[in-house]
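Here's the structure, in C-alpha cells; my notes come after.
The values are calculated or read from the model by the stated rules, or taken from the named source; none is laboratory data. From a predicted model like this one, the values you see are computed outputs, not experimental measurements. We place every Cβ from the backbone using ideal geometry, glycine too, and count neighbours over all the protein chains shown. Ligands, DNA and RNA are excluded from the accessible area calculation, which covers all protein heavy atoms including side chains. Shrake-Rupley method; radii C 1.70, N 1.55, O 1.52, S 1.80 Å.
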Amino acid sequence: FYLFLLRIMEYISPDNFADRLRNGDVENGTMAVVDVRDSDFEGGHIKGAINLTSYQISKSPSQSAAAVATAQLVVVHCMLSQVRGPHNARILMQALREYTRNPPKVMVLENGFQGFAKKFSKSEPQLFEGLDANYWGPSAIFSYDD
C-alpha cells in the first residue's frame, strides 16, 4: 500500500527545496512547509514549517487544508519521508482538492528532515529554526560535523 503512495507522489529534491527557502518562498506565501513529525519538531525544524502531525491531518483534513490552501506549493515531510510524509501528503492533496478550486501542488521532501538536516544544518543553519543539538544528543540522527 505505501509503495503505491510513494509512486504517485512527486518529490522535491533537497537542493531545489533549499533554493526555494533561500528565495523567501515561505515568507512570501508561495510555499508552505508541513512537518508531520510529532514531538521531535521541538528539537528543530525547517524555517517556517507548520507542524501538522499525522494525527491532526487524519482527524481534520479540511482544517489542515485551510492552513496551507493559499500557497502555490505545499511541501510535506516527516523524518525520512518514506511513510508518514507521503501518506499525509496524499491525504492533504485530496483535502485541498475538496477545499479549493485551484489547489496548490503538493510534493514530498526527498529524504525528509533527516536528509535535509544532514545536508544543510551546518552549512546553512538559517534554513532551520530551533535546531538543538542537545535535544538530539550524542547519537544524533544527523551530524553537525559532516
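Listed values, structure above:
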{"read-out": "So residue 139, is it of a type in the set (Gly, Ala, Ser), more than 14 Å from residue 17 (Cα to Cα) and either touching a Phe, Trp or Tyr at 6+ places or on another chain (Cβ under 7 Å) or modelled with pLDDT of 90 or more (or both)", "value": "no"}
{"read-out": "Whichever residue in the range 114-132 is open to solvent by 20 Å² or more (accessible area, probe 1.4 Å) and of a type in the set (S, T, N, Q) and, among such residues, is farthest from residue 33 (Cα to Cα)", "value": "123"}
{"read-out": "Count - residues of the range 41-53 that are open to solvent by less than 30 Å² (accessible area, probe 1.4 Å) and over 12 Å from the mean Cα position of the chain (by Cα)", "value": "2"}
{"read-out": "Conditions (1) open to solvent by 10 Å² or more (accessible area, probe 1.4 Å); (2) of a type outside the set (Asp, Glu); (3) part of a helix (DSSP H, G or I); (4) modelled with pLDDT of 95 or more; number of the one not met by residue 29", "value": "(3)"}
{"read-out": "Qualifying residue in the range 85-93 (condition: closer than 23 Å to residue 18 by Cβ and assigned to a loop (DSSP other than H, G, I, E, B))", "value": "no"}
{"read-out": "Single unsatisfied condition, residue 74 versus (1) within 19 Å of residue 22 (Cβ to Cβ); (2) in contact (Cβ under 8 Å) with a residue 60 or more places away in the chain", "value": "(2)"}
{"read-out": "Filter pass, residue 111 being under 21 Å from residue 136 (Cβ atoms), within 10 Å of the chain's Cα centre (by Cα) and surrounded by fewer than 22 Cβ atoms within 10 Å (Cβ to Cβ)", "value": "no"}
{"read-out": "Positions within the range 64-84 being assigned to a helix (DSSP H, G or I) and out of contact with any helix residue (DSSP H, G or I) (no Cβ under 8 Å at 6 or more places or on another chain), in sequence order", "value": "67"}
{"read-out": "Residue count for the range 21-51, restricted to those that are free of Cβ contacts under 8 Å to residues at least 24 places away in the same chain and closer than 20 Å to residue 91 by Cα", "value": "3"}
{"read-out": "Lone unmet requirement of (1) among the hydroxyl-bearing types (Ser, Thr, Tyr); (2) in contact with a strand residue (DSSP E or B) (Cβ under 9 Å, 6 or more places away or on another chain); (3) part of a loop (DSSP other than H, G, I, E, B) for residue 123", "value": "(2)"}
{"read-out": "Among the candidates 90, 84, 37, 97, residue that is surrounded by fewer than 17 Cβ atoms within 10 Å (Cβ to Cβ) and either under 15 Å from the mean Cα position of the chain (by Cα) or not aromatic (Phe, Trp, Tyr) (or both)", "value": "97"}
